[in-house]
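Enquirer: Here it is, the structure in full.
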Amino acid sequence: MIEAVLILLLCLLGAAAVLAGMSIRVLREYERGIVFRLGRVTQERGPGLIFLLPAIDRMVRVSLRTVTLKIPAQDVITRDNVPARVTAVAYYRIIDSAKSVLEIEDVLAGTSQIAQTTLRSVLGKVELDSLLSEREQLNDHLQQIIDDQTEPWGVKVTSVEIKDVEIPDMMQHAIARQAEAERERRAKVINAEGEFQAAARLTDAAEVISRNPVAIQLRYLQTLMEVSNNKSSTIVFPLPIDVLQPLVRNAESRAAVESGPERDHLEEAVTAARRALDAATTTAMERPERVAAPPG
């Protein structure tokens, strides 16, 4: 009799333990529980210790952590008819577990499908340059559209990031040539701007030196000091223009004499002198012959 009572007690304790295991749940801080009572959703539970009615209540765990959703690569054609292959990543989390009555797999699949459709529709309306240079604006636009569609599920899409954009090789070469031409243009503009600024500074320096001629002599001395420190075998010595001016004027006067009317007078005088010299020489040579001749 006592053994039967003990067996009955043990059975009751086992049944109580089984029922307790079926009715008690523990939820972590980042988890919430959606309890279905006879198929209908009750209030949100958790975190902590949760009690359920055995065989009546069923609980679904919902994680509130941010989930990373990798959007598969999408083939799109941009507004300027350039084919591209775009890969993106979406970050979302559950903010209202009572609305999120779907299974987490269904939420993941639904969010992924919405993200793919939105990615194709939005990126097909922009040009390639905007797709490559305005990613932040496109990311915000995609995030707003996807978040509006997933809000009824209690899902908050926090951000969307375009990770990779693949374009054909020919288009890559064209973009590279365009970038190279743009860099050359900038280099030429910078060089021209530097030349302009240098010319302006040289003009200011010339005005300062023109006020005092001694300044140019000081500049010559400074140049000599710089040349003396140079160990090169070739030395360029700056010669003042003032020293060359008398030589230039003398050369110009000689050129004027050689090419002007004075040259003609000079040549006539020289010719006359040569004739007179030849005549005198001939007379001197004929006189001795006349003296030596016998009288007739």
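Enquirer: Looking at segment 7-28, is at least one residue part of a loop (DSSP other than H, G, I, E, B), on the phi < 0 side of the Ramachandran plot and not small (Gly, Ala, Ser)?
Expert: Looking for residues that are part of a loop (DSSP other than H, G, I, E, B), on the phi < 0 side of the Ramachandran plot and not small (Gly, Ala, Ser), one finds at least one in segment 7-28, hence yes.
Enquirer: Also, I was wondering about something else. Could you tell me which of the residues Arg32, Arg58, Arg25, Arg79 is closer than 30 Å to Leu123 by Cα and in contact (Cβ under 8 Å) with a residue 12 or more places away in the chain?
Expert: Of Arg32, Arg58, Arg25, Arg79, the one residue that is closer than 30 Å to Leu123 by Cα and in contact (Cβ under 8 Å) with a residue 12 or more places away in the chain is Arg79.
Enquirer: Here's another thing I want to ask about it. Whether any residue in segment 93-110 is of a type in the set (Ser, Thr, Tyr) and at pLDDT 80 or above is what I want to check.
Expert: no
Enquirer: Could you say whether any residue in segment 107-122 is of a type in the set (Gly, Ala, Ser), surrounded by 14 or more Cβ atoms within 10 Å (Cβ to Cβ) and in contact (Cβ under 8 Å) with a residue 60 or more places away in the chain?
Expert: Checked segment 107-122: no residue is of a type in the set (Gly, Ala, Ser), surrounded by 14 or more Cβ atoms within 10 Å (Cβ to Cβ) and in contact (Cβ under 8 Å) with a residue 60 or more places away in the chain.
Enquirer: Filter segment 127-158 down to the residues that are closer than 30 Å to Gly33 by Cβ, in contact (Cβ under 8 Å) with a residue 40 or more places away in the chain and surrounded by fewer than 15 Cβ atoms within 10 Å (Cβ to Cβ) and list them by number.
Expert: Those that are closer than 30 Å to Gly33 by Cβ, in contact (Cβ under 8 Å) with a residue 40 or more places away in the chain and surrounded by fewer than 15 Cβ atoms within 10 Å (Cβ to Cβ): Pro152, Thr158.
Enquirer: Check off (1) at pLDDT below 85; (2) within 19 Å of Val76 (Cα to Cα) for Glu207 and give me the number that stays unchecked.
Expert: That leaves (2) as the condition not met.
Enquirer: Only one of Ser159, Ser112 is out of contact with any His (no Cβ under 9 Å at 6 or more places or on another chain), closer than 21 Å to Val76 by Cβ, among the small types (Gly, Ala, Ser) and part of a helix (DSSP H, G or I). Can you tell me which?
Expert: Step by step, each of Ser159, Ser112 is checked, and only Ser112 is out of contact with any His (no Cβ under 9 Å at 6 or more places or on another chain), closer than 21 Å to Val76 by Cβ, among the small types (Gly, Ala, Ser) and part of a helix (DSSP H, G or I).
The values are calculated or read from the model by the stated rules, or taken from the named source; none is laboratory data. From a predicted model like this one, the values you see are computed outputs, not experimental measurements. Positions of Cβ are backbone-derived with ideal geometry, glycine not excepted, and every protein chain shown enters the neighbour counts.
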